[in-house]
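The values are calculated or read from the model by the stated rules, or taken from the named source; none is laboratory data. Model, not experiment: these values are computed from the prediction. Cβ atoms come from the backbone with ideal geometry, glycine included; neighbour counts cover every protein chain shown.
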Amino acid sequence: MDDAFATLNLERRLNLDPDAVECAWRQLSRELHPDADTGDAERAVAVNRAYQILRSPGQRLRHWLELHGVTLSRQAAVDPAMMDFFTEVGGLLAQADDVLKRRAAASSALAKALLAEAEIVAQQQLQALLGKLQRERTAVTDRFADFEIAAAESQNFDQALAATGKLGFFEKWERQVQERLMNLIAG
């Protein structure tokens with residue numbers, strides 16, 4: 001397995017400044033681009049892959065754990081507190097999909113105008129949910145330093161391992177909510 005941190009010449013830490021990750025990626029991409037004198041297409045692919053891993057806190061955490069030899073289970077138990085999020089996210093995405101479907105079926109200006117309130121309500125609900133998801137994701141990433149300390153002091157990766165599932169869901173849901181918001185706004 002390639003070390004994404006080493007590929008981008010970054011310290012193997014969970015707390016990385018997103019701008020530093022992007023800066024390292026841009027610099028190496030320029031140097032390795034196939035059209036450059038020092039171009040290396042194979043390394044350029046590795047640099048792009050490393051960037052994709054390190055720019056996502058969830059993927060970065062998973063990668064960090066793998067580099068420490070921690071086996072990640074695909075069948076990890078879902079935290080019961082996450083079930084509330086499943087319900088809330090699923091319900092609001094379904095409502096947004098319903099509004100989008102009705103808007104697509106609306107054939108007259110009057111029918112579209114009648115949907116305006118439902119579109120605004122759906123947008124507001126999704127924006128509130130997006131803020132909540134981002135706060136929850138931040139609450140997990142704010143604990144990255146604790147994960148590193150536990151690993152360094154006692155080779156304890158339990159908290160970090162438990163956080164991988166949460167981050168994965170929060171990032172997935174954020175993408176889904178952003179997609180629905182953009183579709184509603186583009187209307």
Qualifying residue in segment 63-85 (condition: free of Cβ contacts under 8 Å to residues at least 12 places away in the same chain, surrounded by 15 or more Cβ atoms within 10 Å (Cβ to Cβ) and not small (Gly, Ala, Ser)): no
Residues in segment 67-76: is at least one out of contact with any strand residue (DSSP E or B) (no Cβ under 6 Å at 6 or more places or on another chain) and over 22 Å from residue 155 (Cα atoms)? yes
Right, residue 168: at pLDDT below 95, crowded, with 16+ Cβ neighbours inside 10 Å and either touching a Leu at 6+ places or on another chain (Cβ under 6 Å) or not polar (S, T, N, Q) (or both) or not? yes
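Taking the condition within 20 Å of residue 136 (Cβ to Cβ) and either over 25 Å from the mean Cα position of the chain (by Cα) or not assigned by TED's automatic domain parsing to the domain that holds residue 168 (or both), does residue 15 pass? First the steps, then the outcome.
Working: within 20 Å of residue 136 (Cβ to Cβ): yes; either over 25 Å from the mean Cα position of the chain (by Cα) or not assigned by TED's automatic domain parsing to the domain that holds residue 168 (or both): yes.
Answer is yes for this residue.
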Would you please name the residue that is surrounded by the fewest Cβ atoms within 10 Å (Cβ to Cβ), looking only at residues in segment 87-100 that are in contact (Cβ under 8 Å) with a residue 40 or more places away in the chain and within 21 Å of the chain's Cα centre (by Cα)? 88
Say we look at segment 16-38 and pick out the residues that are surrounded by 14 or more Cβ atoms within 10 Å (Cβ to Cβ) and at pLDDT below 95; which of these is farthest from residue 152 (Cα to Cα)? 33
Is it fair to say residue 72 is outside the structural domain of residue 163 (by TED's automatic domain parsing) and assigned to a loop (DSSP other than H, G, I, E, B)? yes
